[in-house]
Amino acid sequence: MALTKNDIVARVHELGFTKKKSVDIIETLLEIIKNTLEKSEDVLISGFGKFCVKDKKQRRGRNPATGDDLILRERRVVTFKCSGKLRKKINGQPY
Amino acid sequence: MVKSELIQILKDKVDLSKTQAEKVVDIFFDTISDTLSKGGRVEIRGFGSFSVNSYKSYVGRNPKTGAQIKVPPKKLPFFKVGKQLKKLVDNKTGG
């Protein structure tokens, strides 16, 4: 079972906030991150990673299912680069 | 945006003390990294999902010196952008 927003809300609730307030806090936190990325601004969380906004040029691509050629238009995407600390934690190395 | 700015904005928006806002933001990212370090998945509707990909060992090269090196097997976190966030960030390029 994947961890969901509800699980994170429950952890915040454990700090002593009401359930409603905990939901509000997490929703607001996500809104702030999303709105920042929408403005094409990167979000850097030290010890966790960086959410980057990148502009992609138009390029020729292929539908992997049908093999048809197609043009991928110019677009803006979000990427995530993990921090060295998170990487070490996931690989079970000391940090 | 860096973590301290995120904490500051959250604090003002949901009326928390600085310590409370710091705690909440830490809990949010710690819960995600703890889950990933145990090999679990994280799904946050409208934002995205985190999972861990495993990579086998391979022989690589130091791009500076050209020397061959054996890269040990590793795990890396992977972030898949959610539909809502993807649209939000991309709408500026006209999609």
Looking at the range A:57-95, which of the residues that are closer than 21 Å to residue A:34 by Cα and hydrophobic (A, V, I, L, M, F, W, C) is surrounded by the most Cβ atoms within 10 Å (Cβ to Cβ)? A:78
Could you check how many residues of the range B:1-46 are within 7 Å of chain A (Cβ to nearest Cβ) and farther than 17 Å from residue A:22 by Cβ? 13
Among the residues that make up the range A:52-69, is at least one of them facing chain B (nearest Cβ under 7 Å), without any contact (Cβ under 8 Å) to a residue 40 or more places away in the chain, aliphatic (A, V, I, L, M) and under 24 Å from residue B:49 (Cβ atoms)? yes
Residue check, residue A:20 against (1) at pLDDT below 95; (2) loosely packed, with under 12 Cβ neighbours inside 10 Å, all met but one. Which one? (1)
Out of A:40, A:22, I need the residue that is more than 7 Å from chain B (Cβ to nearest Cβ), in contact with a helix residue (DSSP H, G or I) (Cβ under 8 Å, 6 or more places away or on another chain) and more than 17 Å from residue A:80 (Cα to Cα). Which one? A:22
Give me the strands (runs of 3 or more DSSP E) completely within the range A:1-86, filtered to those with at least 2 residues that are of a type in the set (D, E, K, R), ordered by residue number. A:49-56, A:59-62, A:75-82
Condition broken by residue B:51, with the remaining ones in (1) modelled with pLDDT under 95; (2) under 15 Å from residue A:91 (Cα atoms); (3) more than 8 Å from every other protein chain (Cβ to nearest Cβ) satisfied: (1)
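Where residues in the range B:54-95 are of a type in the set (Lys, Arg) and in a loop (DSSP other than H, G, I, E, B), which of them is farthest from the other protein chains (Cβ to nearest Cβ)? Explain how you work it out, then say what you get.
Of all residues in the range B:54-95, those of a type in the set (Lys, Arg) come to B:56, B:61, B:64, B:70, B:74-75, B:80, B:83, B:86-87, B:92.
From what is left, the residues that are in a loop (DSSP other than H, G, I, E, B) are B:56, B:64.
Values: B:56: 14, B:64: 19 Å.
Restricting to residues being of a type in the set (Lys, Arg) and in a loop (DSSP other than H, G, I, E, B), the top hit is B:64.
The values are calculated or read from the model by the stated rules, or taken from the named source; none is laboratory data. These numbers come from a predicted model, not from an experiment. Glycine also receives a Cβ, built like all others from the backbone with ideal geometry; neighbour counts cover every protein chain displayed.
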